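Trainee: I'd like to ask you about the structure that follows.
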Amino acid sequence: MDRAQKADQVKDIRSNFDRMSSAVLVDFTGMTVEEVTKLRDAFRAKGITYKVVKNTLVEKALADLSYGPKLGDALRGMTGIAWSFEEPSAAARLLKDAGRENEKLKIKAGVLDGEVLSARAVEDQLANLPSKDEMRARFLAQLMAPAQRFVMLLNAPAREFVGVLAAKQRKEGG
């Protein structure tokens with residue numbers, strides 16, 4: 001690989017880190033081509049960009065970012081990076097599930113909002129974040145709860161009146 005290709009790859013890596021909502025660094029040592037292909041297909045289906053990178057190129061791409069030097073320990077051995085652009089937890093969730101199926105796949109670290117996360121934090125915290133759709137549903141439920149309570153309060157007098165009429169009917173009929 002000549003200098004121009006390396007410079008292009010550094011720009012591409014930096015561009016992905018600039019646009020991402022989160023990134024997860026993984027070690028895929030020992031995985032077969034079939035296993036990696038299956039993982040790439042899963043990434044593609046979820047809209048996640050995955051790339052096998054040279055550690056030195058990642059170091060160069062992130063040299064001027066605050067979290068760049070903090071990734072030093074994670075940039076050892078074979079490294080693949082999964083970038084999530086829409087949903088921060090998508091790549092972490094997919095890798096956590098894939099790691100259960102294939103013990104050779106190991107999460108090295110993660111990046112979220114300019115902070116470096118340990119492998120444990122990626123699996124325990126980032127992967128467990130609710131998806132955007134789940135968050136929207138929760139938000140809408142919170143917005144609708146006061147309106148639902150208000151409608152119930154408006155219906156309460158009518159419900160009580162019907163109860164009184166039913167009691168009177170039972171008393172007269174029974």
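Trainee: Find the relative contact order for the chain and round it to a whole percent, using C-alpha pairs within less than 8 Å whose residues are 6+ positions apart.
Mentor: 26
Trainee: Ranked highest first by average number of other Cβ atoms within 10 Å, how do 12-21, 118-127, 161-170, 104-113 line up? The partial results should precede the final answer.
Mentor: Numbers: 12-21: 15.8, 118-127: 17.8, 161-170: 9.8, 104-113: 20.7.
Taking the mean over residues of other Cβ atoms within 10 Å, the ranking is 104-113, 118-127, 12-21, 161-170.
Trainee: Enumerate lysine pairs in the range 62-174 that are 8 or more residues apart or on different chains, then count those whose Cα atoms are under 26 Å apart.
Mentor: The number of close lysine pairs in the range 62-174 is 10.
Trainee: Quick one: grab the alpha carbon gyration tensor of the range 1-52, order the square roots of its eigenvalues as a ≥ b ≥ c, and give me rounded if a/c is under 1.5, else prolate or oblate depending on whether a/b is larger than b/c.
Mentor: Because a/c hits 1.5 or more and a/b fails to exceed b/c, the range 1-52 counts as oblate.
Trainee: Further question on the same structure: Just how large is the dipole of the chain about the Cα centre, in debye to the nearest 20, putting +1 at every Lys and Arg Cβ and -1 at every Asp and Glu Cβ? Don't jump to the answer; show the numbers that get you there.
Mentor: Numbers: 29 positive and 24 negative charges, 90 e Å.
For the chain, the charge dipole is close to 440 debye.
Trainee: Next question. Run the numbers for Met135 and Lys51: contour at 0.36 nm per residue of separation, minus the present Cα-Cα distance, in nm.
Mentor: 27.4 nm
Trainee: Please enumerate, by chain and number, the aspartates and glutamates with C-alpha under 19 Å from the C-alpha of Lys11, excluding those fewer than 8 residues away in the same chain.
Mentor: Asp2, Glu59, Asp64
Trainee: With each label point set 7 Å from Cα along the Cα-Cβ vector, what nm distance links Ser15 and Leu165?
Mentor: 7.1
Trainee: Grab the DSSP H runs of the chain that are 4 residues or longer, score each as -39,500 (n - 2.57), total them, divide by all residues and round the 222 nm result to the nearest 500 deg cm²/dmol.
Mentor: -18500 deg cm²/dmol
Trainee: Additional query: DSSP loop GluC sites (Glu not before Pro) in the range 1-107 with at most 15 other Cβ atoms within 10 Å of their Cβ, which ones?
Mentor: Details: sites: Glu34, Glu35, Glu59, Glu86, Glu101, Glu103; in loops: Glu86, Glu103.
Taking the range 1-107 and a limit of 15 other Cβ atoms within 10 Å, the loop GluC sites (Glu not before Pro) found are Glu86, Glu103.
Trainee: Mind giving me the nanometre distance, one decimal, between the label points for Arg40 and Leu143, set 7 Å out from Cα along Cα→Cβ?
Mentor: 4.1
Trainee: Using per-residue counts of other Cβ atoms within 10 Å, averaged over each peptide, order 45-54, 63-72, 132-141 from highest down.
Mentor: Final packing ranking: 45-54, 63-72, 132-141.
Here, each number is a calculation from the coordinates, and none is a lab measurement. Because the structure is predicted, anything quoted here is derived from the model rather than measured. Note that we place each Cβ from the backbone using ideal geometry, even for glycine, and neighbour counts take in every protein chain shown.
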